[in-house]
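The values are calculated or read from the model by the stated rules, or taken from the named source; none is laboratory data. Given the structure is predicted, the values throughout are model-derived calculations rather than measurements. Cβ placement follows ideal geometry from the backbone for every residue including glycine, while neighbour counts extend to all protein chains displayed.
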């Protein structure tokens with residue numbers, strides 16, 4: 001089932017290019033001792049994988065880790081991987097067009113996963129069943145059922161599964177959160193997140209032949225088969241059939257920080273999504289603008305979140321005074337307390353403002369700003385440390401935290417899709433009095449054989 005010999009990188013083999021194999025993986029225990037070099041296979045050779053490769057390459061010697069295999073269902077991406085990710089040039093890597101074959105390679109300890117939303121849960125479960133630790137990009141799930149199953153798989157096979165909400169490992173963000181908990185701005189009563197990212201017209205669905213080298217069946221995975229279109233292939237993030245769009249793409253980062261800062265370990269009880277699509281006429285199903293509210297009972301608080309994708313003002317100086325990596329696209333979070341407020345306007349800084357006059361208080365920031373390609377290094381290092389200690393409690397963004405943060409995104413998406421507010425039972429993870437909405441979250445339908453199992 002797996003390549004027994006190392007292949008020259010950029011060359012395919014009959015074994016790696018064979019028919020899709022969807023047999024159940026052999027159950028294995030996660031391996032990698034404290035002194036062993038951690039051998040990583042990467043799956044999903046898209047844009048975000050550039051950061052994964054850059055981070056792992058940067059820390060390879062110091063952290064005793066190496067990339068040993070690559071996997072994608074697009075042969076052209078496999079053939080051009082060294083050009084896409086220069087850090088891979090010259091390496092002898094095993095290549096796979098089927099992730100199950102890579103997971104079956106017993107010499108691989110861990111998987112770095114940057115597939116699309118539709119694949120994250122199932123691929124992570126398969127990797128855990130094969131005994132692999134997983135760094136999985138956000139958003140980790142497309143429904144609540146998947147969240148429970150991924151957590152169950154991580155625990156059952158004692159795999160360290162790190163969710164890609166990397167703010168949790170940034171030293172400055174960690175310091176700011178600690179100061180919030182110490183009461184620097186008083187007692188917290190609410191928080192707000194924003195995500196203002198300008199997006200142009202995304203175009204229309206126009207079926208066309210499947211590009212040479214792409215396995216369209218594998219690419220779609222659990223989702224229903226449909227004719228190929230560049231719209232589905234390139235714009236999938238903005239289509240709720242394949243992803244959660246603006247409800248999770250950036251939002252899960254900010255909602256995760258909000259949960260962390262407010263100490264929200266339980267789900268919200270009430271969720272409302274007011275959304276619309278404006279400016280462009282295209283075939284996206286994710287709205288261009290949204291305003292979300294979340295009400296919590298434990299602790300009693302509420303959260304707001306807003307997304308805008310066209311010309312807009314900013315908030316709290318996020319765009320110009322405290323620029324993000326992309327200064328024209330302000331994102332971040334604000335925490336409001338009885339003595340003042342704190343803002344996190346990027347992935348590596350915090351600022352406080354006290355009293356009626358908003359006098360500047362303690363802050364922490366880096367100059368120059370972090371490079372997006374390597375700002376995730378602390379998160380990868382945290383993952384590797386947890387692997388060596390075999391202790392998921394050491395993970396900054398353990399998969400259970402990922403599930404809880406994704407619940408906010410998924411509830412908001414569902415509120416928008418059914419067109420009404422939702423009442424949620426945090427204990428049973430079910431929507432109260434709304435069978436249609438609850439089925440979206442807890443009774444998903446999958447396309448055989450890409451089925452998220454009920455028994456992991």
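At a glance:
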{"quantity": "Verdict on residue 294 being buried (at least 21 other Cβ atoms within 10 Å of the Cβ) and out of contact with any strand residue (DSSP E or B) (no Cβ under 6 Å at 6 or more places or on another chain)", "calculated": "no"}
{"quantity": "Of all residues making up segment 216-241, the number that are surrounded by fewer than 17 Cβ atoms within 10 Å (Cβ to Cβ), assigned to a loop (DSSP other than H, G, I, E, B) and out of contact with any strand residue (DSSP E or B) (no Cβ under 7 Å at 6 or more places or on another chain)", "calculated": "4"}
{"quantity": "Residue match in segment 332-347 (condition: surrounded by 22 or more Cβ atoms within 10 Å (Cβ to Cβ), touching a helix residue (DSSP H, G or I) at 6+ places or on another chain (Cβ under 8 Å) and closer than 30 Å to residue 109 by Cβ)", "calculated": "yes"}
{"quantity": "Residue within segment 361-369 that is touching a strand residue (DSSP E or B) at 6+ places or on another chain (Cβ under 8 Å) and assigned to a helix (DSSP H, G or I) present", "calculated": "no"}
{"quantity": "Matching option when the condition is in contact with a strand residue (DSSP E or B) (Cβ under 8 Å, 6 or more places away or on another chain) and over 25 Å from residue 371 (Cβ atoms), among 304, 333", "calculated": "304"}
{"quantity": "Positions within segment 393-415 being surrounded by fewer than 24 Cβ atoms within 10 Å (Cβ to Cβ) and over 16 Å from residue 148 (Cβ atoms), in sequence order", "calculated": "393, 394, 396"}
{"quantity": "Yes/no for residue 264 being modelled with pLDDT of 95 or more and over 18 Å from residue 420 (Cα atoms)", "calculated": "yes"}
{"quantity": "Output for segment 297-324, where each listed residue is touching a helix residue (DSSP H, G or I) at 6+ places or on another chain (Cβ under 9 Å) and surrounded by fewer than 15 Cβ atoms within 10 Å (Cβ to Cβ)", "calculated": "299"}
{"quantity": "Qualifying residue in segment 361-374 (condition: outside the structural domain of residue 183 (by TED's automatic domain parsing), under 18 Å from the mean Cα position of the chain (by Cα) and farther than 21 Å from residue 255 by Cα)", "calculated": "yes"}
{"quantity": "Failed item, numbered, when residue 383 is tested on (1) modelled with pLDDT of 95 or more; (2) closer than 28 Å to residue 244 by Cβ; (3) out of contact with any helix residue (DSSP H, G or I) (no Cβ under 6 Å at 6 or more places or on another chain); (4) outside any helix (DSSP H, G or I)", "calculated": "(4)"}
{"quantity": "Qualifying residue in segment 64-74 (condition: modelled with pLDDT under 95, farther than 24 Å from residue 218 by Cα and surrounded by fewer than 19 Cβ atoms within 10 Å (Cβ to Cβ))", "calculated": "no"}
{"quantity": "Residue that is farthest from residue 138 (Cα to Cα), among those in segment 422-435 that are surrounded by fewer than 21 Cβ atoms within 10 Å (Cβ to Cβ) and in contact with a helix residue (DSSP H, G or I) (Cβ under 6 Å, 6 or more places away or on another chain)", "calculated": "430"}
